[in-house]
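Enquirer: My questions will all concern the structure given below.
The values are calculated or read from the model by the stated rules, or taken from the named source; none is laboratory data. What you are looking at is a predicted structure, and each value in this text was computed from that prediction instead of being measured. Counting neighbours? That spans all protein chains shown, and the Cβs are built from the backbone with ideal geometry, glycine included.
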Amino acid sequence: MISYTYVRAYPRRADALTFLDIWSSPPLVMNGHCMFKIQEYISFRDLNTFKVGGSARFLADVASIKELAKAVSFAKERKLPIFVLGEGSNILVSDEGFFGFVVKMNIKGKRFNFVPNGARATVSPGENWDDFVEEAVQKNLYGIENLSGIPGSVGAAVAQNIGAYGTEVKETIESVTVFDTDSMEEKTLSLSDCQFGYRSSYFKSEAGKNLIVTSVTFALWKKGGVDIEYQDLKKFFREKNTPSLYTVRQAVLEIRKNKLPDLSQVGTAGSFFKNLVVTNKKYKTLRKKIPNLPGFSLESGEIKIPLAWIIDNLLHLKGVSKENVAVYDKQAIVLVNLHNASAKEIYNYAKKIQKQLKDVVGVSPEFEVCFVGEF
Ligand SMILES: Cc1cc2nc3c(=O)[nH]c(=O)nc-3n(C[C@H](O)[C@H](O)[C@H](O)COP(=O)(O)OP(=O)(O)OC[C@H]3O[C@@H](n4cnc5c(N)ncnc54)[C@H](O)[C@@H]3O)c2cc1C
């Protein structure tokens, strides 16, 4: 069966592509019953957790590699930039929207292959990250329990190298399969090919921006021990017996609930900034100026400085709002949309904080949030 649908909403402005251009383009071929739709002028507001942003010029929800290839071809033929969207929990979309093609990753699937010491889990990018963690814990598989409760999809978890409570997702990744938008083929990358760093990966670099994560293989183990060395978890389990895998997940979920905004009530994208990572020498210099500045040694020998501490203790911005945006009162690295903030308001406040941080510590933090469209 061959069928395709073109869905048109209302145009917001005169665009280079006309309706005619699109109808004269080759039809998108579908398999089976699934109908592949390319939609126009779709509002981003319900597609991101900040609840802001204009429209996507084109958007397609892709549920298979074939659909992904069709969507990419459509964008390439029209020389449109592509933005790969997961669940929109780490993006800030411009009020003017995105004049390109948004590929909403909806490829689903999870497979656990058990081996004597654990299991290999192969997961599709459109699966919800925390559903995967929950299932792994239920199957008594160790490795990702400290990453419980992080919003978003599996594909983005890898691209972002998500981390929390002393764990990063890269620690359990065996390989990542990607769709290369240049060669239009899938290929599998090893862990080292992925070049994971602190909230970064090859997929986020200029060289890897043509790669879309299409499947991830995790190595999880059966008889692992839990890791509760991170301060908050240590405090939570003080004076208790060694917790089980399940209780660690519950503890992480509870700590997060008390510290982070409830996405059903408040618009946010989590940490707006990355923590500072500086050389030991730079850290020592900073400590001369700010004697109680906290810092944690990383494997690389560098020092990670918690930015929330600086925003709270040196800038005194915890809970402080500007226009319709606030620094979250329980976690100062998080910005929240108070009442219908615009993306511009959020961006301006973040830039202001970034500048103040540069003035106070001499280092400008990078943004963790990904920007979509022009700012
Ligand atoms: C309340 C809250 C708490 C959070 N806590 C944490 C935390 O503890 N630790 C942490 O690390 N993060 C945290 N985050 C950030 C966020 O949850 C993660 O970055 C998450 O991985 C984003 O997933 P997503 O599907 O929503 O990605 P999106 O926001 O849709 O996209 C994020 C980036 O990933 C890219 N991307 C998406 N899918 C793919 C794919 N298949 N292939 C290639 N690139 C892709 C996008 O292009 C974009 O650049 C938090 C966010 C919120 C709102």
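Enquirer: Any chance the stretch 53-67 includes a residue that's surrounded by fewer than 20 Cβ atoms within 10 Å (Cβ to Cβ), in a helix (DSSP H, G or I) and in contact with a strand residue (DSSP E or B) (Cβ under 7 Å, 6 or more places away or on another chain)?
Expert: Within the stretch 53-67, one or more residues are surrounded by fewer than 20 Cβ atoms within 10 Å (Cβ to Cβ), in a helix (DSSP H, G or I) and in contact with a strand residue (DSSP E or B) (Cβ under 7 Å, 6 or more places away or on another chain).
Enquirer: Going by the conditions given, is Ser271 small (Gly, Ala, Ser) and within 16 Å of the ligand (Cβ to nearest atom)?
Expert: yes
Enquirer: Here is a follow-up. Can you name the residue in the stretch 101-122 that is β-branched (Val, Ile, Thr) and assigned to a strand (DSSP E or B) and, of all such residues, is surrounded by the fewest Cβ atoms within 10 Å (Cβ to Cβ)?
Expert: For the stretch 101-122, the residue satisfying everything is Val115.
Enquirer: Give me the residue from the stretch 152-164 that is closer than 22 Å to Gln231 by Cα and either within 7 Å of the ligand (Cβ to nearest atom) or modelled with pLDDT under 95 (or both) and, out of that set, surrounded by the most Cβ atoms within 10 Å (Cβ to Cβ).
Expert: If we take residues in the stretch 152-164 being closer than 22 Å to Gln231 by Cα and either within 7 Å of the ligand (Cβ to nearest atom) or modelled with pLDDT under 95 (or both), then Ile162 is surrounded by the most Cβ atoms within 10 Å (Cβ to Cβ).
Enquirer: Those residues that are within 22 Å of Tyr328 (Cα to Cα) and loosely packed, with under 14 Cβ neighbours inside 10 Å, I need them from the stretch 295-316; list them, please.
Expert: His316
Enquirer: Now for a different question. How many residues does the stretch 73-93 contain that are more than 12 Å from the ligand (Cβ to nearest atom) and aliphatic (A, V, I, L, M)? So that I can check it myself, show each step before the final result.
Expert: First pass over the stretch 73-93, keeping only residues more than 12 Å from the ligand (Cβ to nearest atom): 73-80.
Filter once more, keeping what is aliphatic (A, V, I, L, M): 75, 80.
So the answer is 2.
Enquirer: Quick check on the stretch 123-141. Is at least one of its residues near the ligand (Cβ under 8 Å from one of its atoms), crowded, with 19+ Cβ neighbours inside 10 Å, outside any strand (DSSP E or B) and of a type in the set (Phe, Trp, Tyr)?
Expert: Yes, that holds for at least one residue.
Enquirer: Quick one: which residue in Asn117, Asn140 is at pLDDT below 95 and assigned by TED's automatic domain parsing to the domain that holds Val176?
Expert: It is Asn117.
Enquirer: Scanning the stretch 142-151 for residues that are within 16 Å of Gly118 (Cα to Cα) and surrounded by 23 or more Cβ atoms within 10 Å (Cβ to Cβ), which turns out farthest from the ligand (Cβ to nearest atom)? Step through it out loud before you land on a result.
Expert: We begin by selecting, within the stretch 142-151, every residue within 16 Å of Gly118 (Cα to Cα); these are 142-145.
Restricting the remaining residues to those that are surrounded by 23 or more Cβ atoms within 10 Å (Cβ to Cβ) gives 143-145.
Details: Gly143: 16, Ile144: 12, Glu145: 13 Å.
Ranking the candidates gives Gly143 first.
Enquirer: Residues that are under 21 Å from the mean Cα position of the chain (by Cα) and not β-branched (Val, Ile, Thr): which strands (runs of 3 or more DSSP E) entirely in the stretch 221-336 hold 2 or more of them?
Expert: Numbers: elements: 267-271, 276-278, 303-305, 325-327.
So the answer is 267-271.
Enquirer: So which residues in the stretch 15-66 are at pLDDT 95 or above and farther than 25 Å from Asp95 by Cβ?
Expert: Val62, Ala63, Ser64, Ile65, Lys66
Enquirer: Given Thr181, Thr172, Thr167, which one is farther than 30 Å from Arg78 by Cβ, buried (at least 18 other Cβ atoms within 10 Å of the Cβ), among the β-branched types (Val, Ile, Thr) and within 11 Å of the ligand (Cβ to nearest atom)?
Expert: Thr167
Enquirer: To continue, here is another question. State whether one or more residues within the stretch 62-72 are touching a helix residue (DSSP H, G or I) at 6+ places or on another chain (Cβ under 6 Å) and of a type in the set (Asp, Glu).
Expert: no
Enquirer: Would you confirm whether any residue within the stretch 348-369 is buried (at least 16 other Cβ atoms within 10 Å of the Cβ) and acidic (Asp, Glu)?
Expert: yes
Enquirer: Taking the condition of being part of a loop (DSSP other than H, G, I, E, B), touching a residue at least 60 places away in the same chain (Cβ under 8 Å) and more than 9 Å from the ligand (Cβ to nearest atom), how many residues in the stretch 184-215 meet it?
Expert: Looking only at that region, the number is 2.
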